[in-house]
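A quick write-up on the structure given underneath.
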Amino acid sequence: MKKILYVLFFFLAYTQTHAQFLLSYDKPASKFTEEQRKDYRKLGYMQEALPLGNGRLGAMFSGGIDEEHIMLNDITLWMNSKRGLDTVAQSGVRIGAYKNFNKVKEAYEQGRYGASENSMEGMSTKYLSSKQPLGNYAPFTDVYISTDHDNESVSNYTRTLDVHSGIGQVSYSIGKTKYHREYFCSYPNDVVAVRYTANKAKMNLHIKVSTLHTINNLKAHDNTIVLEGEVSMVQDNIHFQQLVYIDASDAKVIPQADGSIQIENATDVKIYVTAYSDYVPVYPSFKGRDYQLDTKKVMDIALDMGYDHLKQAHVKDVSALMDRCQLALDYQPSGLTTDQLIKQGASLELENLYFNYARYLQLSSSRTAPVPSNLQGLWNGHLKPAWNADYHNDINVAMNYWMVETANLPDSFEPYLEWLKMIAESGKHTAKEGFGIQKGWSAGLNGNAFGFTAPNEHGRRMQQSGAWLSQNLFEHYAFNQDKTYLKEIYPILKGAAEFYVEFLSSWKDGSLVVYPTWSPENTYLKEQFSKLNKQTYGASWDQQLVLNLFTDCIEASYVLECDAELRETLQKMIPKLCPQKIGQYGQLQEWPEDWDDPKDQHRHISHLIALHPGRDFSPLTTKEIAEAALVTMKHRGDVSTGWSTAWKTNFWARLHNGDKAHQFYQFLTSKRAYPNLFDFHPPFQIDGNYGGTAGVCEMLLQSHLRSVNNKANTIEKAAFVAYQKSAENPNHFIPVSPNESLANSPYILDLLPALPSAWPKGNIKGLRARGGFEVDISWEKGRLVKAKIQATKNGAFRIFYQGKLSEVITLKKGETKVFKN
């Protein structure tokens, strides 16, 4: 009996663990029709096919019975833009714009609202907006594998993606014959590999390739299909090559005149795909890769290794990363397919799967490529994708990288860093030519793979993004505590800060504000000036992020023992920044004037960025501001787009309301997910997947507060406070300058700060905390059972749980502290 119970227990545990990582379906994805290709709003293939990726090369497979469609992407492949201009022009900046910058500022200073030619918006469009095309992220190629199998004759069909191993599979039967397929995209070897097998029968397959771009050469020779193409640019078209190699064992392989290959009488067919373009991340040329040579080298290595060794290396790579952090909620697997699970509505099973799937998407779309994941991560099949599938600097590209820290995928951060180095280089020219600022760098609302940093083409969307983009850089240091990395990023942080030192202007009340700007992408005084009235001055989010950036630079300068003069300048400027204000409804004001509308339910809530992902608003340190943020959250409502729902999950977690955070996470997973669990705005935007998982991490562990008074025994007295109430106006809160003590202050690890009542039992392993720590947490009956904190660096921290603050705990690298309730 004991043996039976043990086997049963093991089986149930395995079943639940497997369900946490498996997307499963009982039918193929829809075909990618021409109508879908032309209109991204049409649902089908992109919402149902399953994604593979290695951070550069991506693929989606449909699992079609009669025809498999594998769509491929290269994360560096863009179109309809320019490259190879001179160093100034490549930034996209309007040449000589700085000469008219003061004219533009006058429109803001005089309060010229609306959208007329002489308004803030109109003057910005006239004198500052870029005339250079941004372009868009491009689709790459398509591989079609035909079987001639009759859909009606198939039984026992299954299509799965195991996100723990990164292996996709399809299996079905026709009569007594079982057909099986396997798919993966290897990071160690940079190839997509596919295997078709048949048991008790022979297969006849037809393999062809295509692209939506210009085909310069398509031919089949022996076992190889070569596709060479050209992607349309406004200047300097991009060239690429794709190789498809087919190993059909002793089956007959017949090259066709149209560049396809016919395979006859096969039982085991292995297909290898790789491709490169001539893109290199070198400003301003962005050209120079020997893509034909690299494609051949990579394919030769893959063929020498063989399928089994490629698969073994791939599974080892993916599973090691997936094992770093795992969430285990307490539920019984339903046995439902993933699309049925979504249709059923909210469930712990779906929430657990979504968390693990987002981590898989992250490592699949961001590894070591020179550009970060975009609005669609890595996957795009449209020549005109939604919002260009670009880099939106007013939340989205930053949101893509929140979870890499907390959910333990720090390796995925490298593309963001490499791209930001390019942005900082380009942004120096935008700062000088656009605004007449000689030090530092500037970036506008949108970015691409070619160093575009200029202001948006429309004056309504004027924005400075340096502080927002830099926030992720220092966060990465906060988690890894690597001084070598800090030295690497310091010039970028310093350049961003130096730009704002010159760009900030005194307003009528004497405070320093950012303008031109907006509060993304919201409007104010719309009854007087229309719903397009968006340009403003001193928007709250700007002011919050400037404080965040200046504080990061100050701390970095102390740690690196450099730039004392700049540090002192920033410390003197911080108290002069426009204060944060509580308005007439008790809300945190979005603008410096009390223009907020309590009926406004706009998806962007940028003026709470200091609550999350920032660290300066907290119910533990800035209670009145936190209460005002709570009013704002209630005004904005409960129903929103996918990515906004994800951000609200994080906001509510930081407000320590676990049930409300969970409500939004439930809505995200069950009402803002396509059948393949891609998040939808709508349409598809991957930031919701990443932001939602970041929100789960925030529910279970927070570490953004610092203990500057290690003798204090309450968090209110111990923690650094970034805003102090004004002596002149109790509804105004003045930014606080940090001193050297902040740089040496331990982080406070807040355990289960927003645990929802719907998760009474569970555990998570491998969460990362600032200060260089990894944390495993288990809980039962809604209370902490045990937390294990392991140091990845020598460091100190304090634990906060249920209102009690521990003494400072010091660990050496590799040491562990176990905390029990």
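The values are calculated or read from the model by the stated rules, or taken from the named source; none is laboratory data. As the structure is a prediction and not an experimental result, all values here were calculated from the model. No Cβ is skipped: glycine too gets one built from the backbone with ideal geometry, and neighbour counts run over all protein chains shown. The accessibility values were calculated without ligands, DNA or RNA, using every heavy atom of the protein model including side chains. Shrake-Rupley method; radii C 1.70, N 1.55, O 1.52, S 1.80 Å.
Figures for the structure shown
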read-out: Between helix 658-671 and the chain: long-axis angle, C-alpha atoms, 0 to 90°, nearest 10; value: 40 degrees
read-out: 20 Å Cα cut-off, lysine pairs counted over the stretch 396-516 (separation 8 or more, or different chains); value: 12
read-out: Added length on full extension, which subtracts the Cα-Cα distance from 0.36 nm per residue, Gln438 to Lys599; value: 53.7 nm
read-out: Full-extension gain in nm, Lys252 to Ser171, via 0.36 nm per residue minus C-alpha separation; value: 26.8 nm
read-out: Within the accessible area of the chain (1.4 Å probe), percent carbon and sulfur; value: 48 percent
read-out: Label-point gap, in nm, between Leu43 and Asp323 - each point 7 angstrom along Cα→Cβ; value: 3.9 nm
read-out: Distance violations [Cα-Cα > 19 Å] among Lys252/Lys296; Lys178/Lys200; Lys717/Lys804; value: Lys252/Lys296
read-out: The stretch 526-569 pair-distance distribution - Cα-Cα, 5 Å bins, rounded %; value: 5, 18, 17, 13, 12, 9, 7, 6, 6, 4, 1
read-out: Sequence-distant lysines (8 or more away, or on other chains) whose Cα lies within less than 17 Å of Lys343; value: Lys27, Lys671
read-out: For the stretch 500-651, size of Cβ-based charge dipole, Lys and Arg +1, Asp and Glu -1, in debye; value: 480 debye
read-out: Nearest-10 value in Å² for the accessible area of Leu755, using the 1.4 Å probe; value: 30 Å²
read-out: Calculated FRET efficiency for the pair Gln235/Gln292, C-beta based, R₀ 30 Å, to 0.05; value: 0.85
read-out: Mean separation of Cα contacts under 8 Å (6+ apart) over length of the stretch 569-645, as relative contact order %; value: 31 percent
read-out: The stretch 40-154: Lys pairs at Cα distance under 16 angstrom, eight or more positions apart or on different chains; value: 4
read-out: Where Asp162, Asp659 fall by accessible area, highest first, once all protein chains stay in place (1.4 Å); value: Asp659, Asp162
read-out: Cβ-Cβ FRET estimate between Lys572 and Glu109, R0 fixed at 30 Å, reported to 0.05; value: 0.80
read-out: Pair Gln584, Asp659: separation of 7 Å Cα→Cβ label points (nm); value: 3.3 nm
read-out: Nearest-10 value in Å² for the accessible area of Glu228, using the 1.4 Å probe; value: 40 Å²
read-out: Cα-centre dipole for the stretch 198-343 with unit charges at Cβ (Lys and Arg positive, Asp and Glu negative), debye to 20; value: 240 debye
read-out: Dipole axis of the stretch 291-426 (+1 Lys, Arg; -1 Asp, Glu on Cβ), positive-most option in Ile395, Gln292, Ala328; value: Gln292
read-out: Under 19 Å from Lys531, Cα to Cα: lysines that are on another chain or at least 8 residues apart; value: Lys599
read-out: Relative contact order of the chain, defined on C-alpha pairs under 8 angstrom at six or more residues apart (%); value: 12 percent
read-out: The chain: angle of helix 414-435 to the longest principal axis, Cα-based, in degrees nearest 10; value: 50 degrees
read-out: Nearest-ten-degree value, helix 564-573 long axis tilted from longest Cα axis of the chain; value: 70 degrees
read-out: Proximal lysines to Lys316, defined as alpha-carbon separation beneath 24 angstrom and excluding residues fewer than eight positions away on the same chain; value: Lys270, Lys297, Lys765
read-out: Average accessible area per residue (Å²) across the stretch 741-782 - probe 1.4 Å, nucleic acids and ligands excluded; value: 31 Å²
read-out: Net length gained if the chain between Thr158 and Ser506 were fully extended (0.36 nm per residue, minus Cα distance); value: 118.9 nm
read-out: Average accessible surface area per residue within the stretch 329-461, 1.4 Å rolling probe, Å²; value: 24 Å²
read-out: Thr224/Gln312 FRET efficiency (R0 30 Å; Cβ-Cβ; nearest 0.05); value: 0.80
read-out: Leading residue at positive end of dipole, the chain (Cβ point charges), from Tyr45, Tyr279, Ser505; value: Ser505
read-out: Charged-residue dipole, Cβ positions (Lys, Arg, Asp, Glu), the stretch 54-161 about Cα centre, Debye nearest 20; value: 1260 debye
read-out: Listed residue (Val546, Leu473, Thr484) projecting farthest to the positive dipole end of the stretch 467-581, Cβ model; value: Val546
read-out: Accessible surface, per residue, of the stretch 618-688 when the full set of protein chains is kept, probe 1.4 Å, Å²; value: 26 Å²
